[in-house]
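Below is one structure, written out as structure tokens; comments come after it.
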2 protein chains.
Amino acid sequence: MSSFTGPRVGMVGAGQLARMTQQAAIGLGVHLTVLAERDDEPAVLAGADFLIGAPADGDAIRDLAGRTDVVTFDHEGIPPELLVELDREGLRLAPPPAAKLLAQDKAEARRRFAELGFPVPPNTVASTLGEVLEFADLHGWPIMAKAPRGGYDGRGVWTVGSEAEANELIDQIEGDLLLEPKLDLLREIAVVAARGPEGEVAVYPAIETVQRDAMCRELLVPAPIPPDLAEEATGMGVAMAEAIGAVGLVAVELFHTPDGLIVNELALRPHNSGHFSIEGADTSQFEQHLRAVLGWPLGSTELTAPAVVTINVVGPEDGSDPRERVPEAIAVDGAHIHIYDKDARPGRKLGHVTARAETVEKARETALRAVGILEGGTP
Amino acid sequence: MSSFTGPRVGMVGAGQLARMTQQAAIGLGVHLTVLAERDDEPAVLAGADFLIGAPADGDAIRDLAGRTDVVTFDHEGIPPELLVELDREGLRLAPPPAAKLLAQDKAEARRRFAELGFPVPPNTVASTLGEVLEFADLHGWPIMAKAPRGGYDGRGVWTVGSEAEANELIDQIEGDLLLEPKLDLLREIAVVAARGPEGEVAVYPAIETVQRDAMCRELLVPAPIPPDLAEEATGMGVAMAEAIGAVGLVAVELFHTPDGLIVNELALRPHNSGHFSIEGADTSQFEQHLRAVLGWPLGSTELTAPAVVTINVVGPEDGSDPRERVPEAIAVDGAHIHIYDKDARPGRKLGHVTARAETVEKARETALRAVGILEGGTP
């Protein structure tokens, strides 16, 4: 028997991102252990080794670190103060806490991005009605109010249209609110990059992300925008990964406004906007994240087709389960179906479909057809 | 909570084929349970659910069938008589035992293929020295002798060059030997197809397989042969899948001789010659096998690049472990590395590398470079 113990990666969180990381880990011979809250989470059902514990449970993360070479994350919901403490104890965390904080705290991120010279929307932090009104006076109604921590997929974000609405929100929310004007958006762009611990950076082509009901629903790759704008976007992704000292995947969400590109927010982990890369790029974002956190050379980010489109599968309103319809949807030629094995609930992300083609339009048509079937439409 | 219980596939065997089937199963939301002999086999390490039992253990297979919708196989080493018995009891087996037998018993396969009208080499079954000498008189030395059951990767196959060698082999072997002339081979071709329970068939482009030390080492796709020969080969694959009533993957190994194509042998499961399809085709052979055994529509078998080459990683003579060298090998751009997580032994298949390119030569160069590093050569 060989004494080889494979490269071992620990991941806090066991959702679909950890599930797809497990799939990539199998190919590379990497042993993934996830910190799950329950034993029916997507990554556990996919067979990743697991420990049960909350993401705020320091001892569980210490246990995870003791079994692995490096600890990384499939979400942002680990208390930043705990990460600082674990880092001080010498745990190998990827990304390091100072970088991770910029994906965890929107107010802190705004401050730091501006300091680093990245374009950000006008913003302020408010905790009183007076402060909200002052900001609205300056920028006009409606304004956007965001909880600095804990929001995702539209949760923790409010459009505030009047003094009355502002009053109601202030009453309802404890703590600070990050305020921004409601921007005039031409589109949203995401840039996915990866950075290794020694500074190597690789970036995927710019992605247009299409939101519905404040949730990312479609990825169009390459983003159908002029080449110079695409280059500016990917350049911002690379600069961001370097400036903040990220280790692992970096997803930067950008607003394309009439005044140019503005940084919205950051994820420091594999991200919805990178799902296209499983079939659509030479190296998937999940393999790339594993390579980066292990300090391995990064892989090619070239597209495998002229156009790649990914569309999320979301739980339909009637509560029916898209898993029941996989056998029909899979008949759509060229549609690559990914099922997260989560129980169906209306509005919940349950999977995604990727298609490759000569044009974004054609790829979108294929992906939409399969998603339509999965979500319960007629084929 | 939904009452959905996903599609459940049982697989007898837990080697690299089951491991890569587990990887495909995650994407589709299919729950794979393998029958493993030990808990450190490749599919178990990849997180497939597992039962421990020998492939000859009928009760273990019954247990597996009780937990799943259909039972399939990652090898040929299940006693054919046991499969017939389980089939009679009503277990859903894919492929059915009568088809599987043709991948398990070379003598039976030769007889049946000839009966079905497929070209096979001259052959006979012998158990005495006299019978061997009679065959050699007819076809000349050397002749090939094969154990009808249980051989793979060159095991159970002998080149017999003289009466003395024949005598020695007869003394050493219990039971029958299948005899064939040593054919003049131009090359070996493999055809990988899949058939669903209702008769739907899909076939991948013809594959040239390159053997070294009687083990498949390289796959060149599409096989660099004239189009009419490639079409004849894939046509034979489809005809074979249909004629024998296969369900699931069918890999047909063909000899290309100066007299044309001849059927060598068959595998009724995912097969080494189909590994290129993970990155190289629109649907991997592992996903295709799952679709076929579940009775789902089959996927597109189109290549994702003009040329795809896969090269096996084999344990080097010095006993060193290719897993130690993944971080260097992965730096080869465009090389897709698959590690089976098996302990290194000289001559053992431990992984494979696939590369896509504009030409077979270019893809081969990339794959060879990575395999060279993994097997301990200098980069």
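The values are calculated or read from the model by the stated rules, or taken from the named source; none is laboratory data. Fair warning: this is a prediction, and the values are worked out from it, not measured in the lab. Neighbour counts are summed over all protein chains in view; Cβ atoms, including those assigned to glycine, are modelled from backbone coordinates with ideal geometry.
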Residue count for the stretch B:126-142, restricted to those that are of a type in the set (A, V, I, L, M) and within 15 Å of residue B:176 (Cα to Cα): 4
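Let me confirm something: among A:62, A:111, which residue is closer than 21 Å to residue A:246 by Cβ, away from chain B (no Cβ under 14 Å), assigned to a helix (DSSP H, G or I) and not hydrophobic (A, V, I, L, M, F, W, C)? Please lay out each step first, then the result.
On the way: A:62 fails: closer than 21 Å to residue A:246 by Cβ.
Of the residues listed, the single one that is closer than 21 Å to residue A:246 by Cβ, away from chain B (no Cβ under 14 Å), assigned to a helix (DSSP H, G or I) and not hydrophobic (A, V, I, L, M, F, W, C) is A:111.
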Those residues of the stretch A:1-14 which are facing chain B (nearest Cβ under 9 Å), under 22 Å from residue A:62 (Cβ atoms) and without any contact (Cβ under 8 Å) to a residue 40 or more places away in the chain, in sequence order: A:6
Residue within the stretch B:296-315 that is within 11 Å of chain A (Cβ to nearest Cβ), in contact with a Leu (Cβ under 9 Å, 6 or more places away or on another chain) and closer than 30 Å to residue B:198 by Cα present: yes
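How many of the residues in the stretch A:1-58 are at pLDDT 95 or above and assigned to a loop (DSSP other than H, G, I, E, B)?
Going residue by residue through the stretch A:1-58, those that are at pLDDT 95 or above are A:7-58.
Checking the rest, the ones that are also assigned to a loop (DSSP other than H, G, I, E, B) come to A:7, A:13-15, A:29-30, A:37-41, A:46-48, A:53-57.
Final tally of qualifying residues: 19.
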Extreme residue, nearest to the chain's Cα centre (by Cα), among residues of the stretch B:148-176 that are of a type in the set (Gly, Ala, Ser) and surrounded by 15 or more Cβ atoms within 10 Å (Cβ to Cβ): B:151
Tabulated pairs, the stretch A:336-347, first within 8 Å of chain B (Cβ to nearest Cβ), second part of a loop (DSSP other than H, G, I, E, B) and charged (D, E, K, R), C-beta under 6 angstrom, 6+ apart or interchain: A:344/A:321
Given (1) among the aliphatic types (A, V, I, L, M); (2) surrounded by 13 or more Cβ atoms within 10 Å (Cβ to Cβ); (3) without any contact (Cβ under 8 Å) to a residue 12 or more places away in the chain, index of the condition residue B:145 fails: (3)
Unmet criterion (only one of (1) under 26 Å from the mean Cα position of the chain (by Cα); (2) not β-branched (Val, Ile, Thr); (3) not assigned by TED's automatic domain parsing to the domain that holds residue A:61) for residue A:133: (1)
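Out of all the residues in the stretch A:339-356, which are farther than 15 Å from residue A:326 by Cα, part of a loop (DSSP other than H, G, I, E, B) and among the charged types (D, E, K, R)? Give the steps one after another, and end with the answer.
Taking the stretch A:339-356 as the starting set, the residues that turn out to be farther than 15 Å from residue A:326 by Cα are A:345-349, A:355-356.
Within this subset, residues satisfying the condition of being part of a loop (DSSP other than H, G, I, E, B) are A:345-348.
Selection gives A:345, A:348.
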Per-region count, the stretch B:15-35, residues surrounded by 24 or more Cβ atoms within 10 Å (Cβ to Cβ) and more than 12 Å from chain A (Cβ to nearest Cβ): 2
Odd one out for residue A:83, checked against (1) buried (at least 18 other Cβ atoms within 10 Å of the Cβ); (2) under 24 Å from residue B:340 (Cβ atoms): (2)
